[in-house]
Amino acid sequence: MKKRHPKDSFVSSTEFVLPNDTNTLNNLMGGRMMHFMDIVAAIAAQRHSHRIVVTASVDNLKFTKPIRLGSIVTISAKVTRSFNSSMEVHVRAEIEDHTRGIKETSNEAFFTFVAVDQNGRPIDVPEIEPETDEEWNLYHTALRRRQLRLLLAGRIKPEDASDLLSYLDAGN
Ligand SMILES: CC(C)(COP(=O)(O)OP(=O)(O)OC[C@H]1O[C@@H](n2cnc3c(N)ncnc32)[C@H](O)[C@@H]1OP(=O)(O)O)[C@@H](O)C(=O)NCCC(=O)NCCS
């Protein structure tokens, strides 16, 4: 299978936060943001694999800043690394402050998607070839994030998490 670059999977979607999306504090509801992020991440995984994908897990979902009613939020996603049938996708949401002309990160997460065939069985996906320094960094650190999530999910044993263990042994 032909290798693909992270930029080939890039997705960006802009949302306007309306009253139906907010809680009683007039901030965007967490579940609504999770929905936005899941859709954008799924499209990135689909663009990388050219397959049907399903969400397998979500890690490190951060809610750093409340998002006020009327805000404009851009959610973007890119595949960081593919393994066999699974792909890790980095998702970031940014609030646009048009009065100051800046964007601030409000949310971030790592989603894992699995490419499946018509019967829902996992199927291999293309490898990825990072290009920028940030993409290489996300690519290298993806292995230990995978080992941590599979360890916590009870799918691998500690002795199979060598990259994670060497990272922890190094005092990180
Ligand atoms: C995700 C799913 C296809 C995995 O099926 P499975 O029978 O466990 O398949 P396997 O054991 O062969 O694992 C397949 C891949 O899933 C990954 N995986 C399974 N569980 C995982 C988890 N909790 N976190 C991260 N990756 C996971 C495995 O590491 C493996 O990756 P690899 O092929 O790159 O090595 C299956 O659990 C499923 O269909 N889940 C429901 C998905 C869903 O409905 N999502 C919401 C709607 S889109």
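The values are calculated or read from the model by the stated rules, or taken from the named source; none is laboratory data. Since the model is a prediction, treat every value here as computed from it, not as a measurement. Here the Cβ positions follow ideal geometry from the backbone for every residue, glycine too, while neighbour counts run over all protein chains shown. With ligands, DNA and RNA removed, areas are computed over all heavy atoms of the protein, side chains included. Shrake-Rupley method; radii C 1.70, N 1.55, O 1.52, S 1.80 Å.
The table for this structure:
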| item | result |
| --- | --- |
| q = 0.17, 0.21 Å⁻¹, segment 1-130: log10 I(q)/I(0) [Debye, one scatterer per Cα] | -0.83, -1.10 |
| Nearest-ten-degree value, helix 30-49 long axis tilted from longest Cα axis of the chain | 50 degrees |
| Angle in degrees between helix 133-152 and the longest Cα principal axis of the chain, rounded to the nearest 10 | 70 degrees |
| Per residue value of the accessible surface for segment 6-130 (all protein chains in place, 1.4 Å probe), Å² | 51 Å² |
| Rounded Å value of the spacing that divides the Cα centres of segment 1-80 and segment 157-172 | 30 Å |
| Estimated FRET transfer efficiency (THR99, HIS35; beta-carbon r; R0 25 Å; 0.05) | 0.35 |
| Extension gain (nm, one decimal) between SER162 and THR24, 0.36 nm per residue minus Cα-Cα | 45.1 nm |
| Surface share of carbon and sulfur [accessible, 1.4 angstrom probe, percent] for segment 42-172 | 48 percent |
| Förster radius 25 Å - calculated FRET efficiency between ASP169 and HIS5, Cβ distance, rounded to 0.05 | 0.15 |
